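For reference, the structure is listed below as structure tokens.
The values are calculated or read from the model by the stated rules, or taken from the named source; none is laboratory data. All values derive from a computational prediction rather than experimental measurement. Every residue, glycine among them, receives a Cβ derived from its backbone with ideal geometry; neighbour counts consider all protein chains shown.
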Amino acid sequence: MAPPGPGDSGDPFQSLLGDLMNMLGTNGPNQWEMTRSFALNVATGGNAEPNVEPIQRIRLEQLARVAELNVIEATGMPVSPDGRRLTCVPVGRGDWTVRALESWRDVLTSMAPPAGPNPAMPPAGEDPADHPRGEDPAGGLGGLLGQWATAIGPMFFGLQVGSVVGHLSHRALGQYPLAIPWAPSDELLLVTTNITSFAEDWSLPEEEALLWVCARELASNSVLTRPSVLGRMEELLVDLAESAAAAQQALTGRLGALGASEGVDGPGMDLESLQGMFGDPEALLGDLLTPESRRSSDQLTALAVVVDGYADHVANVVGTKLVGSHTQLAEAWYRRRIERGKGEEAAGALFGLDLDQTEVDRGRAFISGVLERAGDDGLSRLWSSTRSLPTPSEVDAPGLWLERIDLPELGEAQEG
């Protein structure tokens with residue numbers, strides 16, 4: 001008779017865990033491809049999306065050109081960092097999902113816990129009695145459970161990301177359902193299926209809704225590609241990603257410890273606790289927003305809601321000139337924003353953003369406060385430099401922001 005293999009034991013469950021560990025440790029699935037496939041399935045329901053009709057592309061390009069000229073006039077800024085025209089591209093939910101994942105890939109992958117078994121556990125196939133932790137009364141099953149739990153940590157996080165971005169595609173009207181940067185591109189995405197549904201839900205003319213969304217997306221792009229805004233947001237996102245990775249690593253340690261803890265099944269495994277964690281997603285995912293990342297989250301949220309409020313303002317300015325239903329559109333958009341679906345809530349939480357109605361109103365109130373005190377000239381100073389970006393406390397007091405940016409910088413004051 002042949003000797004037993006690495007996953008071959010008298011216990012079928014233990015044999016299965018051993019085989020799974022061999023797969024995950026050697027030729028397991030590519031984590032990013034798995035995330036991408038899962039996200040695409042959530043976005044499309046597993047169905048192939050039809051190609052966008054050429055006539056729709058032509059219509060969008062015509063509307064986008066009109067919107068672009070008016071956004072440049074309203075903001076005094078180019079819509080792209082190099083001043084070149086953007087091509088507004090109509091896409092489906094699946095295409096939007098794939099592009100969003102690629103654009104956010106560096107940040108998302110840096111959030112994930114590192115793959116690999118818990119070094120405190122014996123490798124799959126190793127006799128637990130030969131391991132420094134000593135004999136496992138469960139015959140090695142406790143160690144295998146711990147290894148399996150820690151190995152699937154990155155996989156579970158990848159599935160979480162895929163679900164979040166896939167669901168977000170059902171709510172995205174354009175490229176910026178979240179006011180966070182995308183990778184540099186000469187294209188600006190608009191999810192025309194969702195825009196059509198938005199117009200129908202609120203009994204709005206579809207072409208006017210398309211023009212209004214174009215204006216808002218172009219305004220968002222003009223701000224989020226500014227070096228001062230882009231640099232600051234990337235800095236905050238990196239800080240949050242590092243904190244999230246640490247939290248995920250702590251979760252991995254908790255999962256691994258269950259395989260070697262004193263539980264109801266005796267020393268070596270705690271099946272009851274393991275089952276409880278997998279039955280409670282909140283317990284499994286943990287709190288990614290650690291105390292260390294709270295400050296970065298507050299700063300990113302404050303900046304994001306001001307960007308959103310500014311884009312709303314620009315869309316209203318353009319809409320007043322070009323869109324007959326601009327009042328209804330602005331109201332419908334606001335209602336839609338404060339009634340965010342689970343895709344937006346989860347995506348905001350993933351990036352450390354608090355996007356409830358209080359925060360939405362906070363950003364809009366800041367923009368209104370600046371306009372009341374300093375008009376469009378004051379508002380245009382928002383994006384002139386990193387120093388001009390409002391702090392979280394200044395978002396609640398636009399007058400203080402205006403006073404601060406009127407003060408000379410330290411070097412100028414000393415020279416004077």
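Considering the stretch 164-197 alone, what residues qualify as being surrounded by 20 or more Cβ atoms within 10 Å (Cβ to Cβ) and part of a helix (DSSP H, G or I)? Of everything in the stretch 164-197, those that are surrounded by 20 or more Cβ atoms within 10 Å (Cβ to Cβ) and part of a helix (DSSP H, G or I) turn out to be 164, 165, 166, 167, 168, 192, 194, 195.
Pairs meeting the criteria (first residue in the stretch 50-67 and touching a residue at least 24 places away in the same chain (Cβ under 8 Å), second residue among the polar types (S, T, N, Q) and in a helix (DSSP H, G or I), beta carbons under 8 Å, at least 6 apart or on different chains) are 52/192; 56/192; 60/192. Within the option set 235, 200, 207, 217, being assigned to a helix (DSSP H, G or I) and either buried (at least 16 other Cβ atoms within 10 Å of the Cβ) or of a type in the set (Lys, Arg) (or both) holds for one residue only, 217.
Residue-wise test of (1) modelled with pLDDT under 90; (2) among the hydroxyl-bearing types (Ser, Thr, Tyr).
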site: 20; (1), (2): yes, no
site: 25; (1), (2): yes, no
site: 31; (1), (2): yes, no
site: 39; (1), (2): no, no
site: 44; (1), (2): no, yes
site: 50; (1), (2): yes, no
site: 54; (1), (2): yes, no
site: 61; (1), (2): no, no
site: 71; (1), (2): no, no
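Among the residues of the stretch 76-101, write down those that are over 18 Å from residue 213 (Cβ atoms) and of a type in the set (Phe, Trp, Tyr). None - no residue of the stretch 76-101 is over 18 Å from residue 213 (Cβ atoms) and of a type in the set (Phe, Trp, Tyr), so the list stays empty. Residues that are polar (S, T, N, Q) and under 27 Å from residue 314 (Cα atoms) were ranked within the stretch 42-97; the one that is nearest to the chain's Cα centre (by Cα) is 97.
The numbered conditions (1) buried (at least 23 other Cβ atoms within 10 Å of the Cβ); (2) assigned to a helix (DSSP H, G or I) are all true for residue 160 except (1).
For the stretch 220-232, the set of residues classified as part of a helix (DSSP H, G or I), among the polar types (S, T, N, Q) and touching a Pro at 6+ places or on another chain (Cβ under 9 Å) consists of 222 only. Out of the residues in the stretch 83-116 that are assigned to a loop (DSSP other than H, G, I, E, B) and among the aliphatic types (A, V, I, L, M), which is modelled with the lowest pLDDT? Looking at the filtered set, the residue picked out is 115.
Summed over the stretch 341-358, residues that are assigned to a helix (DSSP H, G or I) and surrounded by 19 or more Cβ atoms within 10 Å (Cβ to Cβ) total 5. Only residues that are buried (at least 22 other Cβ atoms within 10 Å of the Cβ), under 24 Å from residue 383 (Cβ atoms) and β-branched (Val, Ile, Thr) were counted in the stretch 75-104, giving 2.
If you check 356, 361 for being under 16 Å from the mean Cα position of the chain (by Cα) and without any contact (Cβ under 8 Å) to a residue 60 or more places away in the chain, only one passes: 356. Take residue 237 and tell me if it is aliphatic (A, V, I, L, M) and at pLDDT 95 or above. In short, no.
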